[in-house]
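Step one of this worksheet: look at the structure below.
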Amino acid sequence: MRQAVRTAWHDSSRMAIVSLVVANLVPLAAVLSGRWSLFSVMFLYWAENAVIGGYNVFKILLAQGGSKRTPWPARLPLALFFSVHYGIFWFVHGVFVFVLFGGQGMRGFNLWRSAQITPDLWSVLGLLILSHGVSFTNNFIGRREYLRVTPQEQMMQPYTRVVILHVVVLAGGFLVMLLGQPLPALVLLVVLKTGFDLRAHLAEHGRIEQAGPSQSPFGKSQS
């Protein structure tokens, strides 16, 4: 895994890495300026999950790895299944975010209202969409990663990253809430999330970079 991360650091698009870090540092600036609360941060990270899932649908449809390439019509059911399954996961995660950090329990589960009371949310979310778009364009398309991963593997790709990352975020957010939302703890949460995000990005692309044209990036030959 360490070798995969080092490989990705050298081979992954520098623009993708820079855009990821910058997009994650903007919430840090909002926290330091006092404009964002814990709920604002948690709401943004939850919304980012939808962005990750959305791009992965396109990746599933484009993935052509393996010695026996999956025809495009056969990729569509996989993309639809992923959308439903991941959507349920995303919704449940959102319930936890709103109930634990929204301050109003289930009554606070109002997406539009919450988005309006979170300063600068749409601009920061736009940066995250752009950041993931840069990675999608430069790495998955530009570096032809779609030729080294199968649709089935790509369908599972986000879960490890998202589950581990956001278990850490939810646990960290709960700790910050218990401590009364002190600024240092909130800043630490954002910094830790950025670090985990960067490592997950490098690990994901490192596995794909190490795979050959007809080899699975998860270590199994396609035959």
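The values are calculated or read from the model by the stated rules, or taken from the named source; none is laboratory data. The shown structure was predicted, so the numbers you read here are calculated from the model rather than taken from an experiment. In this analysis, Cβ positions are derived from the backbone assuming ideal geometry, glycine residues included, and neighbour counts consider all displayed protein chains.
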Q: Considering each of V163, V168, V149 in turn, give the residue that is among the β-branched types (V, I, T), in a helix (DSSP H, G or I) and either buried (at least 17 other Cβ atoms within 10 Å of the Cβ) or touching a Leu at 6+ places or on another chain (Cβ under 8 Å) (or both).
A: V168
Q | So M156, is it loosely packed, with under 14 Cβ neighbours inside 10 Å and modelled with pLDDT of 80 or more | A | yes
Q | Boolean, V124 is part of a helix (DSSP H, G or I), at pLDDT below 85 and either under 23 Å from A185 (Cα atoms) or touching a strand residue (DSSP E or B) at 6+ places or on another chain (Cβ under 7 Å) (or both) | A | no
Q: Assess whether F101 counts as being within 25 Å of T194 (Cβ to Cβ), modelled with pLDDT under 85 and either surrounded by fewer than 20 Cβ atoms within 10 Å (Cβ to Cβ) or over 17 Å from the mean Cα position of the chain (by Cα) (or both).
A: yes
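The rows are residues; the columns are (1) at pLDDT below 90; (2) among the acidic types (D, E); (3) under 24 Å from T137 (Cβ atoms).
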residue: A30; (1), (2), (3): yes, no, no
residue: S40; (1), (2), (3): yes, no, no
residue: Y55; (1), (2), (3): no, no, yes
residue: F58; (1), (2), (3): no, no, yes
residue: L61; (1), (2), (3): no, no, yes
residue: G66; (1), (2), (3): yes, no, yes
residue: R75; (1), (2), (3): no, no, yes
residue: F81; (1), (2), (3): no, no, no
residue: V92; (1), (2), (3): yes, no, no
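Sort out which residues of the range 121-147 are hydroxyl-bearing (S, T, Y) and in contact with a helix residue (DSSP H, G or I) (Cβ under 6 Å, 6 or more places away or on another chain), and write them in order of number.
Here is the first cut: in the range 121-147, the residues hydroxyl-bearing (S, T, Y) are 123, 131, 135, 137, 146.
Correct list: S131, S135, Y146.
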Q) Within the bounds of the range 7-23, is there any residue that is modelled with pLDDT under 85 and on the phi > 0 side of the Ramachandran plot? A) no
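Looking only at the range 57-76, decide whether some residue is part of a helix (DSSP H, G or I), farther than 27 Å from R148 by Cβ and not basic (K, R). It would help to see each step written out before you state the result.
The initial filter retains those residues of the range 57-76 that are part of a helix (DSSP H, G or I), namely 57-62, 72-76.
Now restrict to residues that are farther than 27 Å from R148 by Cβ: none.
Checked against the condition, which is being part of a helix (DSSP H, G or I), farther than 27 Å from R148 by Cβ and not basic (K, R), the range 57-76 yields no hits at all.
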